[in-house]
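Before I ask anything, here is the structure I am working with.
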Amino acid sequence: MANRSNPGRTFLICFLLCFLLAAAALVYPLYVIRPFRHQAPRELMIALAVLRYRPALMILCALFSFAITAWYWRWQKRTLPRIASALSVIAVAAVAVLSRVNIYEIMFKPFDRPSFSAADQMKLDSDEKVIAVNIGQEARAYPIRIISYHHVINDVLDGVPIVATY
């Protein structure tokens, strides 16, 4: 008598592999490409490659999870396992949708209303880096540690709209 594999086990293994692959494609670039973290050239190259191929990979993962769930439904007649398998498709689809969100656009908003203090009242470290701008009779210094959270400072200097960024 031939040993038939358990379709429930096959489904679970396929789903877990699909979900873990999709989750890794979502998380790895977020882990590597972070502000204030050194990126080694090799890990950055891998993270950028993952970003490049991630949309196609997510589509494949979502389609595969749908296909294995449809296959599982044909075998499984009980309601609870069917609901669980449908939730697995939703989980993979949720990871795919999250991969389309650019977290850095959410995190870093332009700073439109900067406030300033006189230079003699500021407490900056002696080695702190700033972006200095001088237009006409006005001068401003934008500390990099502040810009790093916003990446863009919109300001008006001597009547001239400027953008400070790095």
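Looking only at segment 34-63, count every residue that is assigned to a loop (DSSP other than H, G, I, E, B) and touching a residue at least 24 places away in the same chain (Cβ under 8 Å) and tell me the total. Give the steps one after another, and end with the answer.
Step one: list which residues in segment 34-63 are assigned to a loop (DSSP other than H, G, I, E, B), which gives 34-40.
Still in the list and also touching a residue at least 24 places away in the same chain (Cβ under 8 Å): 35-36.
Total satisfying the criteria: 2.
Return the residues of segment 90-104 that are at pLDDT below 90 and in a helix (DSSP H, G or I); say none if nothing qualifies.
The answer is Ile103, Tyr104.
Collect the residues in segment 142-166 that are within 21 Å of Lys123 (Cα to Cα) and within 22 Å of the chain's Cα centre (by Cα), keeping them in residue-number order.
Step one: of segment 142-166, the residues within 21 Å of Lys123 (Cα to Cα) are 142-150, 153, 164.
Arg145, Ile146, Ile147, Ser148, Tyr149, His150, listed by residue number.
Residue by residue through segment 106-134, note down the ones that are of a type outside the set (A, V, I, L, M), outside any loop (DSSP other than H, G, I, E, B) and either over 13 Å from Ser148 (Cα atoms) or modelled with pLDDT of 75 or more (or both).
If we filter segment 106-134 for residues that are of a type outside the set (A, V, I, L, M), which is where we start, we get 108-117, 120-121, 123, 125-129, 134.
Pick out the ones that are also outside any loop (DSSP other than H, G, I, E, B) and you get 111, 120-121, 134.
Once the filter is applied, which keeps residues that are of a type outside the set (A, V, I, L, M), outside any loop (DSSP other than H, G, I, E, B) and either over 13 Å from Ser148 (Cα atoms) or modelled with pLDDT of 75 or more (or both), segment 106-134 yields Asp120, Gln121, Asn134.
Right, another one. Take Leu87 and decide whether it is closer than 17 Å to Leu16 by Cα, modelled with pLDDT of 95 or more, in a helix (DSSP H, G or I) and not β-branched (Val, Ile, Thr). Don't jump to the end; show me each part of the working.
Numbers: closer than 17 Å to Leu16 by Cα: yes; modelled with pLDDT of 95 or more: no; in a helix (DSSP H, G or I): yes; not β-branched (Val, Ile, Thr): yes.
In short, no.
The values are calculated or read from the model by the stated rules, or taken from the named source; none is laboratory data. Worth saying up front: this structure is predicted, and the values here are computed from it rather than measured. Here the Cβ is made from the backbone with ideal geometry for all residues, glycine too, and neighbour counts use every protein chain on show.
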